[in-house]
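> Can you keep this structure in mind? I'll have questions shortly.
Please treat every number below as a calculation from the coordinates, not as lab data. What you see is a predicted model, and the numbers here were worked out from it, not measured in a lab. So basically every Cβ, Gly included, is an ideal-geometry build from the backbone, and we count neighbours across all protein chains shown.
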Amino acid sequence: MKAKTGVIIVLLAVFVYVATQDAEAEQNVVEELLVETLVNPETCSIMSEMGDTLQIHYTGKLLADGKVIDSSLSRDPLVVVLGKRTIIPGLEQSLLGVCEGQKIRTTIPPHLAYGKRGYPPTIPADAALEFEVEVMSLIQATPWQKMVNDVFPLVCLGLVPTLLGMVGLYLYNKANAQRPGKKKAKDKKSKNK
């Protein structure tokens, strides 16, 4: 009887331990992008929009254990053109609406970072990330750049099917063109006689 009671107590202790570990793991799961302003500049006349160019210094960490995964502090600032998808989506989204001189902390859920695949060996699968970012400079896109960024992809979408159609028409016409066959060659020989 004492052995059964001991087994039950051990099983109960294991169950409680596993339940608390699951609860702690659920607390570390981030579902949405969180952005916190750490430092606001005195004046903010221009806020970043898609197409703008930012120079940023950043430090990225794993949210789970705080391990630094990357930092630009020991090198030149990173140049980011918003909308060009040169950085992870969560970081790009958190840089919309910031000012030059602003410093933010952003918590990025896995689906807006590296997702299920991670970035081995540095970033495990389904890892939430935390970045501290300082905007060193902000250069607004000119109206010409905005037009090129907005209109050029649409023009390309229209041109590609048109060009493919023209190539198809050319090949179709070439395949159906009259070729001098044996019959025409015989006709030429009989005319020469």
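> What does a probe at Q145 reach in region 27-64, counting residues whose amide N is under 11 Å from the point 7 Å along Cα→Cβ?
Answer for region 27-64: 49-55.
> Report the full-extension gain for the segment R117 to V39: residue separation times 0.36 nm, less the Cα-Cα distance, to one decimal in nm.
Values: separation 78, 0.36 × 78 = 28.08 nm, distance 3.33 nm.
Additional length available on full extension: 24.7 nm.
> Right, another one. Assuming 0.36 nm per residue, please report the length gained on full extension of the stretch L73 to A125 beyond their Cα-Cα distance. Please list the in-between numbers first.
Working: separation 52, 0.36 × 52 = 18.72 nm, distance 2.57 nm.
Fully extending the segment from L73 to A125 adds 16.2 nm.
> Report, in debye and to the nearest 20, how large the dipole of region 44-163 comes out about its Cα centre when Lys and Arg carry +1 and Asp and Glu carry -1 on their Cβ. Present the calculation step by step, with values, prior to reporting the outcome.
On the way: 10 positive and 12 negative charges, 54 e Å.
Magnitude of the dipole: close to 260 debye.
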